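The values are calculated or read from the model by the stated rules, or taken from the named source; none is laboratory data. Fair warning: this is a prediction, and the values are worked out from it, not measured in the lab. For neighbour counting, all protein chains shown are included, and Cβ atoms are generated from backbone atoms with ideal geometry for every residue, glycine included. Protein only, heavy atoms only, side chains kept; ligands, DNA and RNA dropped before computing areas. Shrake-Rupley method; radii C 1.70, N 1.55, O 1.52, S 1.80 Å.
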Amino acid sequence: MIEIVKPALEHLPSYKAALERGWSPDNVRLLEATREQLEAIERDPVAFLASLDDPQAKGPPIALPDGTTVPRLPGFRRWIWDGEAAGSIGLRWQKGTSALPPHVLGHIGYAVVPWKEGRGYATEALRLMLDEARAVGLDHVEITTDLDNPASQKVILANGGILVGRFAKVAAYGGAESLRFRIDL
Ligand SMILES: CC(C)(COP(=O)(O)OP(=O)(O)OC[C@H]1O[C@@H](n2cnc3c(N)ncnc32)[C@H](O)[C@@H]1OP(=O)(O)O)[C@@H](O)C(=O)NCCC(=O)NCCS
């Protein structure tokens with residue numbers, strides 16, 4: 001089975017190898033993010049690891065796919081770990097509320113490396129991340145998926161997710177229709 005680990009130097013060689021195999025931990029920016037992360041690891045591994053754990057939102061603003069920048073929310077990333085890097089899962093939130101700004105596509109996002117898909121890893125990682133979400137004070141989380149992502153929809157439903165409805169992503173993300181789920185904590 002898996003655990004979700006706070007990214008540390010001991011995990012880095014395996015994580016870097018997954019990036020080098022062409023996996024992306026970022027479902028929106030895909031290979032651009034893979035390249036950026038490999039460069040950041042090369043430049044300063046310790047700073048890279050620190051950037052993944054930012055519960056006070058100290059990091060720089062976030063650039064949306066259309067180039068708009070928005071303030072960074074508090075958040076952190078955990079690596080899905082089965083003895084090797086198996087994926088990545090992130091949590092972000094607004095201080096003092098369970099609501100999210102309209103440009104934020106859910107509290108939690110995740111990606112499993114393709115060579116370890118279908119083993120229940122994402123389902124278990126989300127279950128573990130819900131404990132972290134409770135611990136930062138959220139009373140529910142929203143998770144969004146594309147209509148053509150049944151695997152992710154199953155992961156959410158297996159964790160008690162309820163379909164809230166369809167919505168159109170903000171223009172900065174291209175405006176496509178998407179599904180919003182809610183999990184009460
Ligand atoms: C979505 C993703 C995270 C799932 O990871 P995973 O570890 O393989 O997920 P799990 O094994 O926990 O569960 C996947 C479920 O979807 C099912 N599934 C997988 N592919 C499917 C498909 N094409 N159609 C329908 N169901 C599918 C699996 O059978 C499993 O269901 P089960 O528990 O009833 O057997 C992984 O495929 C991924 O990283 N995809 C790319 C990034 C992404 O889409 N992230 C989510 C964005 S919201």
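A few points about this structure:
- Among the candidates R127, R180, the residue that is open to solvent by 70 Å² or more (accessible area, probe 1.4 Å) and modelled with pLDDT of 95 or more is uniquely R127.
- Note on the range 135-152: residues that are within 8 Å of the ligand (Cβ to nearest atom) and not in a strand (DSSP E or B) amount to 4.
- Members of the range 68-89 found to be assigned to a strand (DSSP E or B) and touching a residue at least 24 places away in the same chain (Cβ under 8 Å), listed by number: V70, F76, R77, R78, W79, I80, W81, A85, A86, G87, S88, I89
- The range 97-117, residues that are of a type in the set (V, I, T) and away from the ligand (no atom under 16 Å from the Cβ): T97
- The residues in the range 157-177 that are under 23 Å from G67 (Cα atoms) and open to solvent by less than 20 Å² (accessible area, probe 1.4 Å) can be counted, and the count is 1.
- Residue list for the range 138-156, filter: open to solvent by 60 Å² or more (accessible area, probe 1.4 Å), over 13 Å from G109 (Cα atoms) and touching a residue at least 24 places away in the same chain (Cβ under 8 Å): D139, L147, A151, K154
- So G120, is it within 12 Å of the ligand (Cβ to nearest atom), of a type in the set (G, A, S) and at positive phi: yes
For every residue, the table says whether it meets (1) more than 17 Å from G75 (Cα to Cα); (2) open to solvent by 60 Å² or more (accessible area, probe 1.4 Å).
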position	(1), (2)
K6	no, yes
R21	yes, yes
E42	yes, yes
D53	no, no
K58	no, yes
